Amino acid sequence: MAGAREFISVAREEIGYQEGFSDGHWDNDNKFGRWYGMNEEAWCGMFVSWAADRSGNGDIVPRYAWCPAGVEWFQDRGRWSAYPAVGSVVFFGPGGGSHTGICIAYTDDEITTIEGNTNDSGSAEGDGVYLKTRPRKSSYIYGYGIPDFPEGAVVADPDWRGRPGVVHFGEQADESDIPAGGGTSSRPADREENRDEGTPESGDSSRQVVIDGLAYGPGSSGDHITRLGETLVRAGCGAYKEGPGPDWTEADTESMRRYQQKIGDTGADADGIPGPRQLARLTAEYGRARTVTVREGDTLSSIAAANDVPLSELTAANPQIGDPDTITPGETVTLP
């Protein structure tokens, strides 16, 4: 069965593999080169191609030995990004021509990769298959080819948000975030983390969760609930007739559900109760209010157009404005 998990699993099984050693030096003799039909040459791209073929992903990952050919293949298909993705093919050096590997996880500071023809120091002409951790923002990284995995892609690229088959987790993700069963749920890891906190696994909107020591859901209260509601309003998802306030209400559940649906979550992942990753993403994207001071002649429509935001979201983010066609100079408008 093809997919990102299979791609990574096949590659992971080869960690520790080493090429031949003869006459006192490593000689590039390896099974990936023999499979490719170009043995005893630099074989990082051949390793990636072999792993794709063995995992059933040979139609969505190119067969390449020359790294620029792999870059071109992904770029021609619109599957190229400057941001990492889980199971993506990473290319290094000028034009992506120096080295290549498979990205299996990323944070905002680092990427974790499986690479062939490297070594402990990260050389592009090494002796085996290694698990590597590299600085994500290194100038050595040229970019990432993102296979069109059947279960969807876990990506960091904000421009990919909303693309069909994409699950967006923001600044960090790993294999546990890959949707199971060919779906595109964007919160499998949240359920796991909620279980760690002793909360129910099902999509029960009556449950309560604890995230970073703070309770969310029915029965919870505190300033953090008010802040969450205000952030949901800035996200254009507010369902409040009054508030937001410090006590969790049905309006908080509905507002959170709207946000979950906005980012593509469905089913149990859109039950109106936040998960850790959803909360982190909401806070990162909308946690700080952006405001505009109304000037003479302004309308909500003109402010929306000037700031490139949908009028519907701007209206939802400003429930205090009763008539969107009548706003007062000096008044503050919150941008979603």
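The values are calculated or read from the model by the stated rules, or taken from the named source; none is laboratory data. Since this is a predicted model, take the numbers as computed values, not measurements. Note that each Cβ is placed from the backbone with ideal geometry, even for glycine, and that neighbours are counted across all protein chains shown. For accessibility, only protein heavy atoms count, side chains too; no ligands or nucleic acids. Shrake-Rupley method; radii C 1.70, N 1.55, O 1.52, S 1.80 Å.
Quick notes
- Taking first residues from region 287-308 that are closer than 30 Å to I225 by Cα and partners that are of a type in the set (D, E, K, R), the Cβ contacts under 7 Å between residues at least 6 apart in sequence or on separate chains come to A289/R234; V294/E331.
- Residue among A305, A251 that is in contact with a Pro (Cβ under 8 Å, 6 or more places away or on another chain), modelled with pLDDT of 85 or more and over 24 Å from R163 (Cβ atoms): A251
- Filter result for D157 (at pLDDT below 80 and out of contact with any Gly (no Cβ under 8 Å at 6 or more places or on another chain)): no
- The residues listed here are G58, G45; of these, the one that is touching a helix residue (DSSP H, G or I) at 6+ places or on another chain (Cβ under 6 Å), open to solvent by less than 10 Å² (accessible area, probe 1.4 Å) and of a type in the set (G, A, S) is G45.
- Residue, farthest from the chain's Cα centre (by Cα), within region 277-294, restricted to residues that are buried (at least 19 other Cβ atoms within 10 Å of the Cβ) and not hydrophobic (A, V, I, L, M, F, W, C): Y286
- Inside region 1-12, residues that are over 10 Å from I114 (Cβ atoms), surrounded by 13 or more Cβ atoms within 10 Å (Cβ to Cβ) and without any contact (Cβ under 8 Å) to a residue 60 or more places away in the chain make up a count of 2.
- Under the condition of being of a type in the set (F, W, Y), farther than 12 Å from P84 by Cβ and open to solvent by less than 40 Å² (accessible area, probe 1.4 Å), the residues counted in region 97-136 number 0.
- For G229, the test of being open to solvent by less than 20 Å² (accessible area, probe 1.4 Å), out of contact with any strand residue (DSSP E or B) (no Cβ under 7 Å at 6 or more places or on another chain) and at positive phi is failed.
- Scanning region 254-276 for residues that are among the hydroxyl-bearing types (S, T, Y) and either modelled with pLDDT under 90 or surrounded by fewer than 20 Cβ atoms within 10 Å (Cβ to Cβ) (or both) turns up just one, T266.
- Among the candidates P329, P324, P310, P246, residue that is farther than 30 Å from R207 by Cα, of a type outside the set (V, I, T), surrounded by fewer than 18 Cβ atoms within 10 Å (Cβ to Cβ) and touching a Ser or Thr at 6+ places or on another chain (Cβ under 6 Å): P324
- Filter pass, Y17 being touching a helix residue (DSSP H, G or I) at 6+ places or on another chain (Cβ under 7 Å) and either open to solvent by 30 Å² or more (accessible area, probe 1.4 Å) or closer than 19 Å to C103 by Cβ (or both): no
- Contact annotation: residue pairs with Cβ atoms under 8 Å, 6 or more positions apart or on different chains, pairing a residue in region 230-246 that is closer than 18 Å to P310 by Cα with a partner that is assigned to a loop (DSSP other than H, G, I, E, B) and of a type in the set (G, A, S), are T231/G287; L232/G238; V233/A317; R234/A289; R234/A317; A235/A317; G236/A317; G238/A317.
- Subset of region 69-93 (residues that are open to solvent by 10 Å² or more (accessible area, probe 1.4 Å) and either in a strand (DSSP E or B) or aromatic (F, W, Y) (or both)): W73, W80, Y83
- If you go through region 317-335 and pick out every residue that is closer than 22 Å to I225 by Cβ and more than 26 Å from the chain's Cα centre (by Cα), you end up with 4.
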